[in-house]
1. Per the helix-only calculation at 222 nm, which mean residue ellipticity applies to the chain, given -39500 (n - 2.57) for every DSSP H run of n ≥ 4 and division by its residues, nearest 500 deg cm²/dmol?
2. Taking the Cα centre of the chain as the origin and placing charges on Cβ (Lys, Arg +1; Asp, Glu -1), which of Gln137, Ile53, Gln111 is farthest toward the positive end of the dipole?
3. Let's see if you can work this out: charge +1 on each Lys and Arg Cβ, -1 on each Asp and Glu Cβ, no other charges. What is the dipole magnitude of the chain about its Cα centre, in debye to the nearest 20?
4. Please list, in order along the stretch 13-20, the HN-Hα scalar couplings obtained from phi with the Karplus expression 6.51 cos²θ - 1.76 cosθ + 1.60 (θ = phi - 60°), rounded to whole Hz, x for Gly and Pro.
5. If exposed GluC sites (Glu not before Pro) are those in a DSSP loop with at most 13 other Cβ within 10 Å, what is the longest stretch of the chain that has none?
6. Out of Arg81, Arg26, Arg89, any idea which swings most in a Gaussian network model of the chain, alpha carbons joined below 10 Å?
7. For the stretch 5-123, just the Cα atoms, rotate onto the principal axes and tell me the three extents in Å, largest first.
8. Work out which helices of the chain, taken as complete DSSP H runs, extend at least 18 Å along their axis over the Cα atoms and score a mean Kyte-Doolittle of -0.5 or more, then list them.
Amino acid sequence: MIEKMVMMLDVIIRQAEDDQLPIVHRIMREAFEEYQDILNPPSGALREEVDDIRKKIGSGGGAILVWRKGEPIGSAQYYFRDDYMYIGRVSVLAHVRGTGIGKKLMNYLEQIAQDHQVCVTRIEVRKSLPNNISYYQKIGYKILEEHEYPQKTDGWYVMEKEL
């Protein structure tokens, strides 16, 4: 894959190398920690290990890291399906939320899809996190499917954006 790096002000976004997957994992765990006692069932992100990430992205995907002033502040994972690119585990550390990092991260991921001639991206968002749903709607994602957990305690939306 062509190495791609985006620099915006003091923010650098780039593909994570295999030896950086522990950083991707750490950022994801820190970002999802706030949902520890909120989501039922709990987020799978809090059970994932580095090898789980490696397996998910190993067959045609990747992970990205967002850096500011030499510190990792965001991460995400992606992989390709038949006719779309799935974006998952979008993670921005709490102290930098609301500064545009998430939008830059999503723009970068959407550009990866376009670079692979894929014109649709999908994400999954918990129904119990209305702020996250609203955020993705604001950046152009539409609800495609609705799912419910067997326990009927929560569900999630599959959201899609045509690029």
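Taken together, the values in this text are just the output of simple stated rules run on the coordinates, not laboratory data. In this text, all values refer to a predicted model and were calculated from it rather than measured experimentally. Glycine also receives a Cβ, built like all others from the backbone with ideal geometry; neighbour counts cover every protein chain displayed.
1. The helix contribution divided over the chain gives -8000 deg cm²/dmol.
2. Gln137
3. Roughly 400 debye, rounded to the nearest 20.
4. So the Karplus estimates, Gly and Pro as x, are 10, 7, 4, 7, 7, 4, 6, 9 Hz.
5. No qualifying site falls inside 50-163, the longest such stretch.
6. Arg81
7. For the stretch 5-123, the Cα extents along the three principal axes come out at 40, 34, 26 Å.
8. Those that pass (Cα extent of 18 Å or more, hydropathy at least -0.5) are 101-115.
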